[in-house]
Amino acid sequence: MGFIEIRHLKLIDTVEQVGTLKNAAERLYLTQSALSHQLNELEARLGTKIFHRVNNKLIFTPSGKELRDASKEILKRLEVLKHKINQINEDNIKDYIHGYSDEETTRLNNQANSISEILHWDSKWEEGSLVLEAGCGVGSQTKIIAPMNPEASFVSIDLSSISIEKAKATISKEKIGNVEFQVADIFQLPYKDGHFDHVFVCFLLEHLARPMDALKELKRVLKHNGTITIIEGDHGSTYFHPDSEDAKKAVEAQVSLQKKRGGNANIGRELHPILRNAGFNSIQVIPRQVYVDDSKPQLKEGFIRNTFTAMIKGISEEVIVQKFILRNELDSGIKDLNATSTSGGTFCYTFFKAKAIKSSV
Ligand SMILES: C[S@@+](CC[C@H](N)C(=O)[O-])C[C@H]1O[C@@H](n2cnc3c(N)ncnc32)[C@H](O)[C@@H]1O
């Protein structure tokens, strides 16, 4: 047990503001006896009195005065720290290129639904296990993997509270009972070491400036011998028929924008080395190719038009403003990407799914 805790500092600071233990208890939403107990405990730890009690009023002793001044200073610094961290979180969210619009929610759902079989036929964890899903977004993958693993429990986190609210609504509408949601930052997870049996991450590392730090934090909360599963795309793997220089430029513009924001749209091919450098073992990466032709009309609609081309459309204004592409080139690129979904067109894109273990060998 520590020497002085933050609750003690709050107690002293509040008594200073309101004068009596009764008023301080009300302000802190505690009972007077709980506060009295905290005070006695602190005085015992310090081996000195903090207050003289005069007609129910608390008057600071000389040690109490020292403590009062230090409490004020420390609490003020903690407030500043909290503010700074919120700021960093908001900046992280601002750097996220796809944003949180309703269109993006629809796109994420189209993406997850259209390729669920290709990505998730093997997304299985054993009965009774606790799985952390990091960067769950609006729950597009959650609503697929949670029902596939009814005997496992999921904790799904995202930095965006807006997305978490949308994810909660989806999961409750689908009557899925084995998921809990929390707003949290992958770089500072609010869980103890070794808390989870498994970790699952989908389409998140590509947006992070420090994917290695994220992996180290995920490794910390993972049990020994626990597994991590990561799915990421790689825009460099995109090719199509009819071929089009403008469509290729449009894809490249998205890659450049993501890079400018600190991410890496071609991260799929790097999963093996990144996992190895983060200290994971038994790494296995399996490419998952989405190949679309006339025999797969659902993928033409769900993947080419509503996932991939919709993604390029979603960042249109930004790539033009940043001068990664001219407006007429982008418009023509988007038209050509859509053309690959018409009769005779084909489209290829490769996702990478990696699985690794936290072990000493
Ligand atoms: C492309 S979305 C993917 C969402 C979901 N995994 C899916 O496949 O549909 C990326 C998500 O990562 C989240 N994210 C970005 N930075 C994060 C961070 N530092 N901690 C937690 N989530 C983060 C974003 O808020 C966004 O919801």
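A few notes on this one:
- Computed magnitude of the charge dipole of the chain (debye, nearest 20; Cβ of K, R +1, Cβ of D, E -1): 1240
- When you filter the GluC sites (Glu not before Pro) in segment 296-334 for DSSP loop state and at most 11 other Cβ atoms inside 10 Å of their Cβ, nothing is left.
- Candidate aspartates and glutamates - alpha carbon under 19 Å from Lys65, same-chain residues fewer than 8 apart omitted: Glu5, Asp13, Glu16, Glu41, Glu43, Glu73
- Derived scalar couplings between HN and Hα for segment 250-255 equal 5, 5, 5, 5, 5, 4 Hz in order, rounded to whole Hz, by the Karplus curve 6.51 cos²θ - 1.76 cosθ + 1.60 (θ = phi - 60°), x for Gly and Pro.
- Placing +1 on the Cβ of every Lys and Arg and -1 on the Cβ of every Asp and Glu, with nothing else charged, gives segment 58-150 a dipole about its Cα centre of roughly 620 debye.
- Computed from the C-beta positions of Lys124 and Arg261 and an R0 of 30 Å, the FRET efficiency is 0.35 to the nearest 0.05.
- The distance between label points at Arg220 and Lys248 comes to 4.4 nm (points 7 Å beyond Cα on the Cα→Cβ vector).
- Of the trypsin sites (Lys or Arg not before Pro) found in segment 114-220, those that fall in a DSSP loop while having at most 14 other beta-carbon atoms within 10 Å are Lys124, Lys175, Lys192.
- Here the spin labels are modelled as points 7 Å beyond Cα on the Cα-Cβ line, and at Tyr239 and His272 they lie 2.0 nm apart.
- Placing a pseudo-label 7 Å from each Cα along the Cα-to-Cβ vector at Lys65 and Asn23 gives an inter-label distance of 2.1 nm.
- Overall form of segment 100-195: oblate. Here a/c, set by the Cα gyration tensor axes a ≥ b ≥ c, is 1.5 or more, and a/b is not larger than b/c.
- Cα gyration tensor category, rounded, prolate or oblate, for the chain with a/c compared to 1.5: prolate
- Ordered by the number of other Cβ atoms lying within 10 Å of each residue's own Cβ, fewest first, Arg77, Arg210 fall into the sequence Arg77, Arg210.
- Of the cross-linked pairs Lys72/Lys94; Lys296/Lys353; Lys216/Lys260, those separated by over 29 Å at the C-alpha level are Lys72/Lys94.
- Three-way shape call for segment 255-339 based on the alpha-carbon gyration tensor, with the a/c threshold at 1.5: oblate
- Taking 0.36 nm per residue of sequence separation and removing the Cα-Cα distance, the Asn178/Arg7 pair yields an extension gain of 58.1 nm.
Read-outs throughout are calculated quantities, based only on the coordinates presented, and are distinct from any laboratory measurement. Worth saying up front: this structure is predicted, and the values here are computed from it rather than measured. Every residue, glycine among them, receives a Cβ derived from its backbone with ideal geometry; neighbour counts consider all protein chains shown.
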